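One structure is given here, and the rest of the page talks about it.
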Amino acid sequence: MKLAGPRSLPKAAFRYAVRKPMIEWQVCGVCNYDCTYCIQSKKSREGHPSPEETETFLKFFRGLPGAWEVKCSGGEPFAFRGFTRRIVPSLIDETPHTISTLTNLSAPLPVLLEFAERTQGRLGIVSASLHLEWTTPEEFVEKAVALREAMDPKARLVVNEVLVPDRLEEVARARALVEAAGLRWFPQVLKTKHGRFDYTPADRARVEALTGSDPSPREANLAPSYQGRLCWTGVEYFVMTQRGEVWSCRTARRHGQGFLGNALTGEVVLRAAPKPCPYGICPCTTPANRGMIEGVGLGAREEA
Ligand code: SF4
Ligand code: SF4
């Protein structure tokens, strides 16, 4: 296994870059929830790496030049024991990378507190997704507050919530509870396999009341289009599946494009330069919020 590509750029380019190199790693497919609006098919919400595959992934991370943010998602990463038992300790002890995670926060509180303890000084963001089909906002907020109090003070915890059609009043109530507890709430429009969900006119007004009319990628995920803008995904950002496939971004993967190799079975070759985005939807705010897209989020500051 070998990684080639952007690390050959001159060091100065990185010193002054606003972009923050990042990997979104789908650690496992398995999830203990089954949300009706889940964008991942049931078939893909299964499995996790074997112990041998886990070691190959860890070798890949040890071999990555520089310090990356490794955002571990699933499925549900905490539903895979290897995540807390092997992956987190190894990333902390054997690599310089920062760990972030996307979790439904369903793990028992002692497990979450142990994660908070283990990642002190090395935690980026905990994106905690609130799914009202599986928990109450009260139970979720109590856990989120306990986790935030225990975790690295420099790290951030953000509560994500999908704006589920026909349930927007419940969503608004949950938002009030989240914000009253001093937590940040981040709304996401519902996405489908083909794009954005088409809300009814009544729900559209409710959605706008919850997101604001022109939110930044830090305030809400409206799955906009950045078609034509230069995008550094594939250069300093990539997504990796539980089977080791590496893709430049989620949308590219959906179109069967932007394949960069396989970290488990072969070589990963990153792009040497950014490319204009060819897609009509950018469903995830993470690339924008790491400065990967020209003129958006952190990338906007770079131009200023
Ligand atoms: S918690 Fe996330 S991955 Fe699991 S079923 Fe719900 S939306 Fe899908
Ligand atoms: S702008 Fe979004 S959809 Fe387009 S290439 Fe970049 S990450 Fe992918």
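The values are calculated or read from the model by the stated rules, or taken from the named source; none is laboratory data. All figures in this text were calculated on a predicted structure; none of them were measured in a lab. Every residue, glycine among them, receives a Cβ derived from its backbone with ideal geometry; neighbour counts consider all protein chains shown. To get the accessible areas, we keep the full protein, side chains included, count just its heavy atoms, and leave off ligands, DNA and RNA. Shrake-Rupley method; radii C 1.70, N 1.55, O 1.52, S 1.80 Å.
Would you mind finding the one in A144, A205 that is among the small types (G, A, S), away from ligand 1 (no atom under 16 Å from the Cβ) and free of Cβ contacts under 8 Å to residues at least 60 places away in the same chain?
After ruling out the rest, the residue left standing is A205.
Can you tell me how many residues in the range 107-140 are hydrophobic (A, V, I, L, M, F, W, C) and either open to solvent by less than 20 Å² (accessible area, probe 1.4 Å) or closer than 20 Å to I23 by Cα (or both)?
10
Looking at L190, L210, L130, L183, which is the one that is farther than 25 Å from C72 by Cα, of a type outside the set (D, E) and touching a strand residue (DSSP E or B) at 6+ places or on another chain (Cβ under 7 Å)?
When all the criteria are applied, what remains is L210.
For the range 107-141, which residues satisfy the criterion of being under 17 Å from the mean Cα position of the chain (by Cα) and within 16 Å of ligand 1 (Cβ to nearest atom)?
V126, S127, A128, S129, L130, H131
Of the numbered conditions (1) within 16 Å of ligand 1 (Cβ to nearest atom); (2) in contact with a helix residue (DSSP H, G or I) (Cβ under 8 Å, 6 or more places away or on another chain); (3) closer than 16 Å to F78 by Cβ, V171 satisfies every one except a single condition; which is it?
(3)
Inside the range 1-95, counting only helices (runs of 4 or more DSSP H) that do not spill past its ends, which hold 2 or more residues that are in contact with a His (Cβ under 9 Å, 6 or more places away or on another chain) and modelled with pLDDT of 95 or more?
By residue number, 51-63.
Of everything in the range 182-208, what is of a type outside the set (D, E) and buried (at least 17 other Cβ atoms within 10 Å of the Cβ)? Give them in sequence order.
L183, W185, F186, P187, Q188, V189, L190, K191, F197, Y199, R206, V207
Would you call R301 among the charged types (D, E, K, R) and either at pLDDT 95 or above or within 13 Å of ligand 2 (Cβ to nearest atom) (or both)?
No; evaluated as a whole, the condition is false for this residue.
Please name all residue pairs, on different chains or six or more residues apart, with Cβ atoms under 8 Å, provided the first residue is in the range 18-32 and is in contact (Cβ under 8 Å) with a residue 24 or more places away in the chain and the second residue is open to solvent by 30 Å² or more (accessible area, probe 1.4 Å) and basic (K, R).
Qualifying pairs under 8 Å: V18/R301; E24/R250; G29/R45; V30/R45; C31/R45.
Name every residue in the range 35-69 that is free of Cβ contacts under 8 Å to residues at least 40 places away in the same chain, farther than 21 Å from G124 by Cβ and of a type in the set (A, V, I, L, M, F, W, C), in order of residue number.
If the condition is that a residue be free of Cβ contacts under 8 Å to residues at least 40 places away in the same chain, farther than 21 Å from G124 by Cβ and of a type in the set (A, V, I, L, M, F, W, C), then C38 is the only one that fits.
Within the set of pairs 6+ apart or on separate chains, which have a first residue in the range 177-200 that is over 29 Å from S41 (Cβ atoms), a second that is in a loop (DSSP other than H, G, I, E, B) and open to solvent by 50 Å² or more (accessible area, probe 1.4 Å), and C-beta atoms under 8 Å apart?
Listed pairs, sorted by first residue: none to list.
Restricted to the range 208-232, and to residues that are assigned to a strand (DSSP E or B) and farther than 30 Å from K59 by Cα, which residue is farthest from ligand 1 (Cβ to nearest atom)?
Looking at the filtered set, the residue picked out is L230.
Within the range 251-263, take every residue that is open to solvent by 40 Å² or more (accessible area, probe 1.4 Å) and within 23 Å of T56 (Cβ to Cβ) and give me the one that is nearest to the chain's Cα centre (by Cα).
Per the stated criteria, the residue is R253.
Go through the range 144-169 and report how many residues are surrounded by 13 or more Cβ atoms within 10 Å (Cβ to Cβ), under 20 Å from D34 (Cβ atoms) and over 18 Å from the mean Cα position of the chain (by Cα).
Result for the range 144-169: 3.
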